[in-house]
Amino acid sequence: MTATDTNRAIDAVWRIESARLIAGLARIVRDIGLAEELAQDALVAALKQWPESGVPNNPGAWLMAAAKNRAFDLLRRRKRLERKHEELGREIEAQHEMATPDPDAALDDDVGDDLLRLMFTSCHPVLSTEARLALTLRLIGGLTTDEIARAFLVPEPTIAQRIVRAKRTLAKEGVPFEVPRGAELAARLSSVLEVLYLVFNEGYSATMGDDWMRPQLCEEALRLGRILAGLAPNEPEVHGLVALMEIQASRARARIGPSGEPVLLLDQNRARWDQMLIRRGLAALSRAEALGGEEGPYALQGAIAACHARARTASETDWRRIAALYEALAHLLPSPVVELNRAVALAMAFGPAVGLELVDALTGEPSLKAYHLLPSVRGDLLFKLTRFEEARAEFERAASLTRNARERDFLLARAAACARETSQLPP
């Protein structure tokens, strides 16, 4: 394996293992900022050693062992953390086998899952909502500040500052590393759900990199969502979000072509959709509706996903109902992105000219200035209206804005198709 191959392997391992690594260390040292520093130290050690020694059979365990050894040395030197020295030493001695624990193993306390504890700690009310989301996406999702900034449609320095301040605040306030109970659990649930939603979306459509999807993020968000559903069985929005994630995840195999290229919803082979996940998603949506939560934002999005799941073919999709659901969502949570999605539904239900009218009204929206899906959608509608030269320009603009290599190639291919159509038009 070449050095380049090893570095790619390290990057892949880090994407998968970093959240569990930080969560496990946070449980030991009770300091999220310190836990992240220790995890980064382990990554640096891997970058130095693995190109020579090779990637170990259990890279996650190797990273955890390296981080814990570093933690042991650090805690021994820091007088303010001496009380934790003995605790850490006992844990290191007791863990002869440094394998990553089974995430579905028996839980401690109510939930007992390090990742879930980390999520609730990151979503503590002492932090602003924006800081909770940014910090949890950084720690749980392993997203870079640039990726998080694109998810929030805000400048990268803003996200970096939020994360630094959030970690300082948690340390200063001595926020406990635990899952809350009772009324406090309910108060912090909404921000946790929003974080899960954003983590899943990043996995479902990666904002940057060489891959169209990052399945491990989808799987992690869905796993934690299922745990939350068991923890808060009477919260309809928990079931609404789980329904949305289950149904969206059911399309994963059909969303990627043989060469890793994106496959759009209407072009997907629906025989490849996971029917078990669809059934689980529809059942979760029924639970949300039975609890009176059919008008919640996640339940509404789950209902939209269910419209697609129930259609045996693309032509059977109930686009009018989808447009109505997006309208209800727009009233509940006014957002340019929701309006863009509603424009797509309107175009499918009533024709591309109707959708284009709404899209054109969004072109002056400041928050969508660098949002690549706006010109992408506009290009698609212009193409359907046979305005090929305008469509080509929109696809090229969308390609210049996206940071995902697969998506860029896809958009440039669509631009090339527009150019071919233009050349065939009569003079």
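The values are calculated or read from the model by the stated rules, or taken from the named source; none is laboratory data. On a predicted model such as this, the values are computed, not experimentally measured, just so you know. A quick note on method: Cβ atoms are made from the backbone with ideal geometry, for glycine too, and the neighbour counts reach across all protein chains shown. Just the protein is used for accessible areas: all its heavy atoms, side chains included, with ligands, DNA and RNA removed. Shrake-Rupley method; radii C 1.70, N 1.55, O 1.52, S 1.80 Å.
A simple spin-label model places pseudo-atoms 7 Å from Cα toward Cβ; at Ala45 and Glu130 they are separated by 3.7 nm. In the elastic network of the chain, a GNM with C-alpha springs shorter than 10 Å, the most mobile of Pro176, Pro258, Pro59 is Pro258. Averaging Cα coordinates gives a centre for segment 138-172 and one for segment 325-367; these two points are 29 Å apart.
Extension gain for the segment Arg270 to Ser400, taken as residue separation times 0.36 nm less the Cα-Cα distance, is 43.7 nm to one decimal. Using only the Cα atoms of segment 320-398, build the gyration tensor, take square roots of its eigenvalues as a ≥ b ≥ c, and label the shape rounded, prolate or oblate: rounded if a/c is under 1.5, else prolate if a/b is larger than b/c, else oblate. The shape class here is oblate.
A cut-off under 13 angstrom between Cβ atoms defines the neighbours of Glu173, and their net charge, with Lys, Arg +1 and Asp, Glu -1, is +4.
Using R0 = 30 Å, the C-beta based FRET efficiency linking Leu425 and Glu156 works out to 0.10.
For segment 286-427, what is the relative contact order in percent, using Cα pairs closer than 8 Å and at least 6 residues apart in sequence?
On the way: 160 pairs, mean separation 19.4, N = 142.
In percent, rounded to a whole number, it is 14.
The Kirkwood hydrodynamic radius of segment 145-280, based on inverse pair distances between different Cα atoms, is 16.9 Å. Shown for the chain: lysine pairs separated by 8 or more places, or found on different chains, whose C-alpha atoms are under 24 Å apart, numbering 10. For segment 253-381, the pair-distance distribution built from all alpha carbon pairs, in bins 10 Å wide starting at 0, is 12, 36, 38, 14, 0 percent.
Checking a compactness column here: for the chain, what do you get for Rg(Cα) / (2.2 N^0.38 Å), N being the number of residues?
Numbers: Rg = 23.2 Å, N = 427, 2.2 N^0.38 = 22.0 Å.
Scaled against compact globular proteins, the figure is 1.06.
Among rounded, prolate and oblate, which fits segment 232-329 when a ≥ b ≥ c are the square roots of the eigenvalues of its C-alpha gyration tensor, a/c under 1.5 means rounded, and a/b larger than b/c means prolate? List each step's numbers first, then the result.
Details: a/c = 2.30, a/b = 1.60, b/c = 1.44.
Since a/c reaches 1.5 and a/b is larger than b/c, the shape of segment 232-329 is classed as prolate.
Carbon-plus-sulfur fraction of the accessible area of the chain, 1.4 Å probe, in percent? That fraction is 51 percent. Highest GNM mean-square fluctuation among Cys123, Cys307, Cys218, for the chain modelled with Cα contacts below 10 Å: Cys307.
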